[in-house]
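Report on one structure; see the data block that follows.
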Number of protein chains: 2
Amino acid sequence: MAKIKSGQNLTKKDTIVSTAALLFREKGYAASSMRDLAEKVGVEAASLYNHIKSKSEILQDICFTVANRFITQLEKVEGSKDSVIDKIETILRFHIHEMIHHYEEVYVSDREWKHLEEPYLTNFQSLRKSYRKRLAAIIDEGVRNKELKDIDAPTAVLIMLHAVSGIESWHRSIQKIDADELEKNMVVIMVEGLKK
Amino acid sequence: MAKIKSGQNLTKKDTIVSTAALLFREKGYAASSMRDLAEKVGVEAASLYNHIKSKSEILQDICFTVANRFITQLEKVEGSKDSVIDKIETILRFHIHEMIHHYEEVYVSDREWKHLEEPYLTNFQSLRKSYRKRLAAIIDEGVRNKELKDIDAPTAVLIMLHAVSGIESWHRSIQKIDADELEKNMVVIMVEGLKK
């Protein structure tokens with residue numbers, strides 16, 4: 001089951017969105033129907049519409065909520081006085097945490113965003129692009145100040161982001177190390193790989 | 001266009017399979033029809049059947065040809081007297097080359113194998129699993145003999161394989177560094193990250 005916020009603050013809409021994230025990850029957005037969603041939530045399809053307008057609205061909600069979390073975190077890191085190495089470690093750990101603890105939503109926002117409708121599609125695409133550029137700018141700063149090896153920043157971003165998305169296989173594996181060990185190992189390999 | 005073997009050794013079947021790999025990557029296997037394929041090859045749909053039995057046979061051909069290349073290379077590395085670091089570098093460079101120069105086929109075998117029919121599906125799955133195990137065994141050897149950091153081998157495999165599959169974004173980007181630079185950067189980051 002998707003990790004759902006617990007307690008009294010959980011609205012019906014939150015439940016619908018979390019359940020939808022799980023459904024979209026399992027079946028893909030295109031193949032998921034509102035009927036499937038109603039069944040998973042345990043309500044009549046018609047009653048979903050008291051809380052949300054459309055399947056497409058749910059996808060927007062998932063994608064932009066995740067994007068906001070990532071951008072907020074990036075801004076905090078950009079504004080800090082940490083070394084580049086520490087900045088990268090903070091960002092890497094944040095990505096890993098998100099992939100572990102908000103797996104369904106992060107997976108859907110990373111894989112299914114192509115199904116967003118305009119104007120959200122173009123907007124989301126430019127958020128993604130600018131996020132990668134800002135990450136690359138941090139790495140470039142580390143190359144310039146000699147904290148990092150003399151590497152191509154976009155390639156380092158590509159490696160970081162794709163390595164983290166590999167946590168998908170971790171979720172699927174039957175025998176797996178625990179989440180803290182996974183995080184520790186990823187940080188050791190990736191951060192040391194970048195360090196000069 | 002897919003990279004196609006050139007010259008007189010190129011059979012009609014080779015052309016069909018290469019073109020299919022391109023089509024399956026672009027549209028997905030499920031959504032690709034034999035009619036689409038015929039159009040891309042530039043022949044009548046009926047004439048495809050002089051060379052191949054079915055869409056499913058083409059997918060088998062792609063997946064198992066790629067798998068054989070990877071396994072053959074892995075066996076060569078396993079049998080060598082190289083240090084673990086050199087073994088890993090050789091394997092990593094091989095993966096990168098494959099993702100750069102045989103992109104369509106490698107992408108399809110990595111993403112679309114789930115559409116294989118039995119008994120090929122089960123067979124392919126166990127090839128994938130055993131490949132990852134053998135890679136992990138090499139890394140474990142390096143942990144034991146202190147060439148590598150004290151890392152969890154399956155996590156290192158996950159990072160390596162997913163980072164390399166990130167070359168997909170490289171193919172899609174408009175501004176990109178050249179293939180040799182990409183390879184050099186990936187090797188520096190990944191191999192140094194594993195080294196003790």
**Asked** Which distance in nm do the two modelled labels at A:GLU57 and B:THR122 give, with both placed 7 Å along the Cα-to-Cβ direction?
**Response** 4.7 nm
**Item:** Other copies of B:LYS195: label-to-label distances in nm, shortest first, labels 7 Å along the beta-carbon direction
**Value:** 1.4
**Prompt:** Nearest beta-carbon of A to the rotation axis carrying it onto B: which residue, how many whole Å?
**Reply:** A:GLY193, 1
**Prompt:** So how long is each side of the protein assembly as shown along the principal axes, counting just the alpha-carbon atoms, biggest first, in Å?
**Reply:** 68, 55, 40
**Message:** Would you calculate the convex hull of the Cα atoms in chain B and tell me its volume per residue in Å³?
**Reply:** 134 Å³
**Message:** Defining a contact as two alpha carbons under 8 Å apart and six or more residues distant in sequence, what relative contact order in percent does chain B show?
**Reply:** 22 percent
**Message:** For segment A:60-90, which trypsin sites (Lys or Arg not before Pro) pass both filters: DSSP loop (anything but H, G, I, E, B) and at most 14 other C-beta atoms within 10 Å?
**Reply:** A:LYS81
**Request:** Give me a single rounded figure for B:157-170: the average over its residues of other chain Cβ atoms within 10 Å of their Cβ.
**Result:** 6
**Prompt:** Based on the Cβ-Cβ distance of A:LYS176 and B:GLU26, what FRET efficiency does E = 1/(1 + (r/R0)^6) give at R0 = 35 Å, to the nearest 0.05?
**Reply:** 0.55
**Request:** Choose one answer from A:SER165, A:SER32, A:SER54: the residue with the largest mean-square fluctuation in a GNM of chain A with alpha-carbon springs under 10 Å.
**Result:** A:SER54
**Ranked packing of A:138-145, B:182-189, most packed first, by mean Cβ within 10 Å** = B:182-189, A:138-145
**Prompt:** If we hang a label 7 Å off Cα along the beta carbon direction at B:TYR120, how far is it from the matching labels on the other copies, in nm, shortest first?
**Reply:** 3.8
**Prompt:** What GluC sites (Glu not before Pro) does segment A:4-75 have in DSSP loop regions with at most 15 other beta carbons within 10 Å?
**Reply:** A:GLU44
**Message:** Please compute the contact order of segment A:105-162 in relative form: average sequence separation of alpha-carbon pairs under 8 Å and at least six residues apart, divided by the residue count, as a percent.
**Reply:** 24 percent
**Message:** At 7 angstrom along the Cα-to-beta-carbon line, where would the label on B:ASN68 sit relative to the other copies? Give the distances in nm, shortest first.
**Reply:** 5.4
**Prompt:** What's the center-to-center distance, using Cα atoms, between segment A:24-51 and segment B:53-76 in Å?
**Reply:** 38 Å
**Item:** Cβ charges +1 (Lys, Arg) and -1 (Asp, Glu), total dipole of the protein assembly as shown, debye
**Value:** 80 debye
**Prompt:** Once every DSSP H run of n ≥ 4 in chain B is given -39500 (n - 2.57) and the sum is divided by its residues, what mean residue ellipticity at 222 nm do you get, rounded to the nearest 500 deg cm²/dmol?
**Reply:** -23000 deg cm²/dmol
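Here, each number is a calculation from the coordinates, and none is a lab measurement. What you are looking at is a predicted structure, and each value in this text was computed from that prediction instead of being measured. As a convention, Cβ positions derive from the backbone with ideal geometry for all residues, glycine included, and neighbour counts pool all protein chains shown.
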